[in-house]
Amino acid sequence: MRLISLVLFIFLLPIGFVQAGTITVTGQGSVSAEPDMATISMGVGHNAKTAQEAMDVVGQKINAMLVSLKESGVEAKDVQTSQISLYPMWSDPERNNQTNVIGFSSNVTLSVILRDLDMVGTVLAEVVRVGGNNFHGVNLGLQDTSGLEADARALAVKDALAKAGQLADAAGVDILGIVSISEGGSQSFPSARMAEYAMASDAMQVARGETSVNQTVTVIVEIE
């Protein structure tokens with residue numbers, strides 16, 4: 001029995017020492033920059049008595065939008081059809097709760113990337129001029145986040161090591177070195193100053209605000 005207990009103690013001893021001899025902390029780093037691109041959801045919707053008429057009108061206007069975008073300098077790779085829909089429109093229920101089809105509604109939506117934010121107002125004005133009547137929002141972002149990710153990652157490591165130092169001081173122990181560093185991932189999103197629209201007389205101005213890139217790392221340090 002004594003031999004078995006001794007074997008178990010020797011087997012468990014290294015695990016106990018590893019757990020007691022390390023500190024695990026998570027660090028975060030954030031870097032902000034002004035966005036340099038916009039992804040806009042835009043399209044055409046039309047109601048008509050027949051499905052064919054609804055689709056024909058939308059088809060003509062969406063084709064005009066595509067030509068307008070090309071003439072504005074938007075590359076074909078930055079324009080993608082994201083939605084096509086056609087559905088019946090129903091009348092209000094009658095006394096017997098019966099409803100009838102009174103027409104059809106057709107919609108086509110494009111996802112358009114604009115890599116020059118100075119051209120947003122002009123592009124939107126031209127799209128409206130040729131028949132665009134649906135706009136579902138805009139996402140401002142960065143074309144290249146690699147540099148910001150590196151800066152945010154470095155800040156995250158510094159933050160983690162600072163936290164480890166504080167914990168070690170509070171516990172009255174010394175940090176011997178870093179056991180491991182693991183990356184938790186990167187996130188990019190608009191900061192509190194999100195983009196807003198302001199309608200001018202002939203074009204739309206966009207307040208750019210800032211886009212933040214965040215990095216998270218987990219650091220394990222050895223202590224004594």
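Throughout, read-outs are computed from the coordinates displayed, never taken from laboratory work. None of the values given here were measured: they were computed from a predicted structure. Every residue, glycine among them, receives a Cβ derived from its backbone with ideal geometry; neighbour counts consider all protein chains shown.
Below is a table of values for the structure above.
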quantity	calculated
Hz values of 3J(HN,Hα) by residue in segment 78-87 - Karplus curve (6.51, -1.76, 1.60), Gly and Pro given as x	9, 10, 9, 6, 10, 7, 9, 9, 8, 8
Estimated FRET transfer efficiency when R0 is 45 angstrom, pair Ser180-Thr39 (beta carbons, to 0.05)	0.75
Note, ³J(HN,Hα) from phi for segment 171-185, Karplus 6.51, -1.76, 1.60, rounded to Hz, x at Gly and Pro	8, x, 10, 10, 8, 8, x, 8, 7, 7, 10, 10, 8, x, x
DSSP-loop trypsin sites (Lys or Arg not before Pro) across segment 50-135, with at most 12 other Cβ within 10 angstrom	Arg95
Separation of alpha-carbon centers, segment 47-69 and segment 98-114, rounded to whole Å	10
Inverse of mean 1/r across different Cα pairs in segment 43-97, Kirkwood, Å	13.5
Cα-based Rg of segment 69-162 normalised by 2.2 N^0.38 Å, two decimals	1.83
In sequence order, calculated HN-Hα J values of segment 32-47 (Karplus, 6.51, -1.76, 1.60; Hz; x Gly/Pro)	10, 8, 6, x, 10, 8, 9, 10, 10, 9, 9, x, 9, x, 8, 10
Ile102/His136 FRET efficiency (R0 30 Å; Cβ-Cβ; nearest 0.05)	0.75
Label-zone membership for segment 45-66, site Leu86, 7 angstrom Cα→C-beta point, backbone N under 17 Å	45-63
